[in-house]
Each structure stands twice: as structure tokens, then as C-alpha cells.
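One structure is given below, encoded as C-alpha cells.
The values are calculated or read from the model by the stated rules, or taken from the named source; none is laboratory data. Values in this document were obtained by computation on a predicted structure and should not be read as measured data. So basically every Cβ, Gly included, is an ideal-geometry build from the backbone, and we count neighbours across all protein chains shown. Keep in mind that these areas ignore ligands, DNA and RNA; they rest on the heavy atoms of the full protein, side chains included. Shrake-Rupley method; radii C 1.70, N 1.55, O 1.52, S 1.80 Å.
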Amino acid sequence: QVQLVESGGGLVQAGGSLRLSCAASGKISSIPTMGWYRQAPGKQRELAASFTSTGNANYADSVQGRFTITRDYAKNTVYLQMNGLKPEDTAVYYCRVGIFGVVYWGQGTQVTVSS
């Protein structure tokens, strides 16, 4: 019913930047909540950044000041601009979209930061 297409991951050196995007399509009958989570090897999935239901941006302490989440409401697309990347940011990044309490996850995109 709802499809998520992620792009933008890759390999980057420490201090570099990447921009992730996630486009939602399908039966979207309301403004969805959108955000990015990440999962490093051997660790639980955690919030990186998201928009609250009121449209405010919410960041994990570990990315505050380095990552910026934005969205295009017309395109149902959410972006994550990641600057000043660190090796500890290495993870699979997942787009998360919520519509009327139903949660959809993207397939994940790998971000690898070399030291």
C-alpha cells in the first residue's frame, strides 16, 4: 500500500558528508510522520532524526548539530543531510513513515564512514 524508496548511502571518509532521501508513494491519505533510524552492527536500531506529529525536528544527541532532517510535503519525501560524519555513524539507515498509526520501513541504505 505504501512504498518507500531510499537512496544516498555510500562510503565516505571521516569528516565527509552524505545526503539520504526517502520517497513515500502509494495510499497516503494524510500527512505522514517521517524520520530516519539507524542500526549499527551488533546494536539495536535507534533514532537518528525525525519529525514529530507537530512538524518539529527531533535529533539523537549523537547527531545533533551535524545532521539536518528536512522534508518536501508535496513529494512525501524526507531527507537527511549528514555532515561531519564519524566512523561511529557507520550503520544501515532506515526510513520510517507513519500513517494513521501504521508504520512502514524502508529497505535500508548502508552508510560507511572510514577513519
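Distance between the pseudo-spin-label points of THR54 and TRP105 (7 Å out from Cα toward the beta carbon): 2.9 nm.
Each residue of the stretch 102-113 is assigned a 3J(HN,Hα), and the resulting list reads 8, 9, 10, 10, x, 7, x, 9, 7, 10, 10, 10 Hz, derived from the Karplus form 6.51 cos²θ - 1.76 cosθ + 1.60 (θ = phi - 60°), x at Gly and Pro. Ignoring the sites themselves, what is the longest stretch of the chain with no trypsin sites (Lys or Arg not before Pro) in a DSSP loop and at most 12 other beta-carbon atoms within 10 Å? Of all site-free stretches, the longest is 76-115.
As a fraction of the 1.4 Å probe accessible area of the chain, surface on carbon and sulfur atoms comes out at 49 percent.
The Cα center of the stretch 54-115 and the Cα center of the stretch 10-29 differ in position by 7 Å. Between LYS43 and SER30, the contour length at 0.36 nm per residue exceeds the alpha carbon distance by 1.4 nm. Length available on full extension from SER62 to SER7: 0.36 nm per residue minus the Cα-Cα distance, which gives 17.6 nm.
Proximity of backbone amide H atoms, modeled 1.01 Å from N, is registered between PHE67 and ASN83 at under 5 Å, excluding neighbours fewer than 5 places apart on the same chain. In a reduced charge model with +1 at each Lys and Arg Cβ and -1 at each Asp and Glu Cβ, the stretch 1-92 shows a dipole moment near 120 debye about its Cα centre. A 1.4 Å probe over all protein chains sorts SER17, SER30 by accessible area into SER17, SER30, starting with the largest.
Per-residue surface analysis assigns THR54 an accessible area of about 110 Å², computed on protein heavy atoms at 1.4 Å probe radius.
Cross-link partners of LYS86 among lysines, defined as those whose alpha carbon lies under 25 angstrom from its own and excluding same-chain residues fewer than eight positions apart: LYS43. Computed 3J(HN,Hα) for the stretch 31-36, one whole-Hz value per residue from the Karplus formula 6.51 cos²θ - 1.76 cosθ + 1.60 where θ = phi - 60°, is 6, x, 7, 9, x, 10, glycine and proline marked x. Where both partners of a DSSP beta bridge lie in the chain, what percent of those bridges are antiparallel, to the nearest 5? Bridges in the chain that DSSP calls antiparallel: roughly 90 percent.
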